[in-house]
Amino acid sequence: MAHFIILLGPPGAGKGTQAERIIKKLGIVHISSGNLFRENLEKETDLGRLAKSYMDKGELVPDNVTIAMVRERLTKLDCQTGALLDGFPRTPAQAKALDKILAEKNESILCVPYIKVPEDLSVERLSGRWTCREAGHVYHEKYNPPKEKGICDIDGSPLYQRDDDKRRTVEQRIKVYSQQTAPLIDYYDKNGLLRTIDGTKEIDEITESILKEIT
Ligand code: ADP
Ligand code: AMP
């Protein structure tokens, strides 16, 4: 059976950081809806332009557009053994759509590690985040610095600070998370898939906790 796992948690919880580590252990692909939107933005597609208008405000891209994009990504051959979803689903409608997409493939969600962090930590982590231009690898200027300042350890591409990591947008993103995404905690708890992980710990310790829940 394939492994479909969802990483849930507020912006800055460490979903992308953990995803990079976990996919190496499990040999599945990392699907980040935020990265998919940013790739479209980079290529200047219509989808990229549409997504940008929401991302810049810290709002969610509409469900129909987001679901269609992820549905398409999940049809790719590299998802046959599963996928680690990061940043999707973010609304109850997206969660229901994902259940349906997986059911059509005769698959289901294995579990949902929920990386729990308080709001002040989310803000601190996002304000020090540096992201790689090439593939979205993430660093933190204090907690997880690259070997060479401004350069990605993995692919040597330049690091930049995301526009939506600015203070005012971060506050809006956290508000949107509380209103639209936090209800998913209950959704996945009710169907027995939720695994709450203490996200205040160090990166390696969190990876261990998540892997323990999965394997
Ligand atoms: P998300 O994908 O949930 O938005 P990221 O993985 O991009 O979050 O992490 C946000 C920032 O916090 C990054 O700068 C990352 O290096 C840093 N970070 C992630 N996990 C931890 C941790 N456990 N302790 C300290 N900093 C962390
Ligand atoms: P992220 O990279 O996960 O922090 O996402 C960055 C931004 O992309 C979000 O603030 C949203 O504007 C948009 N986005 C990413 N994933 C989704 C999603 N599942 N649904 C709607 N919008 C999303």
- Note on the structure: Note: among E134, E104, E119, just one is open to solvent by 40 Å² or more (accessible area, probe 1.4 Å), charged (D, E, K, R), free of Cβ contacts under 8 Å to residues at least 60 places away in the same chain and more than 15 Å from G16 (Cβ to Cβ), namely E104
- Of all residues in segment 1-25, which are under 15 Å from V112 (Cα atoms) and in contact with a Leu (Cβ under 7 Å, 6 or more places away or on another chain)? H3, F4, I5, I6, L7, L8, K15, Q18, A19, I22, I23
- Message: Can you tell me which residue is most open to solvent (accessible area, probe 1.4 Å) among those in segment 172-208 that are more than 16 Å from the chain's Cα centre (by Cα) and more than 27 Å from K96 (Cα to Cα)?
- Response: E202
- Message: Going residue by residue through segment 80-95, is there one that turns out to be away from ligand 1 (no atom under 16 Å from the Cβ), free of Cβ contacts under 8 Å to residues at least 40 places away in the same chain and open to solvent by 40 Å² or more (accessible area, probe 1.4 Å)?
- Response: yes
- Item | Residue that is basic (K, R), assigned to a helix (DSSP H, G or I) and open to solvent by less than 50 Å² (accessible area, probe 1.4 Å), where the choices are R38, R71, R21 | R38
- Find all pairs meeting these conditions: Cβ atoms under 6 angstrom apart; at least six residues apart or on different chains; first residue within segment 191-207 and touching a residue at least 60 places away in the same chain (Cβ under 8 Å); second residue in a strand (DSSP E or B) and away from ligand 2 (no atom under 16 Å from the Cβ). L193/C111; R195/C111; T196/K116; G199/K116
- Message: Please count how many residues of segment 97-127 are away from ligand 1 (no atom under 13 Å from the Cβ), over 23 Å from L211 (Cβ atoms), of a type in the set (A, V, I, L, M, F, W, C) and touching a helix residue (DSSP H, G or I) at 6+ places or on another chain (Cβ under 8 Å).
- Response: 2
- Message: Being free of Cβ contacts under 8 Å to residues at least 60 places away in the same chain, within 15 Å of ligand 2 (Cβ to nearest atom) and not aliphatic (A, V, I, L, M) narrows it down to one residue among R38, R49; which is it?
- Response: R49
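Every residue, every condition in (1) over 21 Å from H30 (Cα atoms); (2) more than 16 Å from ligand 2 (Cβ to nearest atom), yes or no:
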site	(1), (2)
I154	no, yes
R162	no, no
R167	yes, no
P183	yes, no
L193	no, yes
S209	no, yes
T215	no, yes
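The values are calculated or read from the model by the stated rules, or taken from the named source; none is laboratory data. Just so we're clear, the structure is a prediction, and the values are computed from it rather than from any experiment. Neighbour counts run over all protein chains shown; Cβ positions are idealised from the backbone, glycine included. Ligands, DNA and RNA are excluded from the accessible area calculation, which covers all protein heavy atoms including side chains. Shrake-Rupley method; radii C 1.70, N 1.55, O 1.52, S 1.80 Å.
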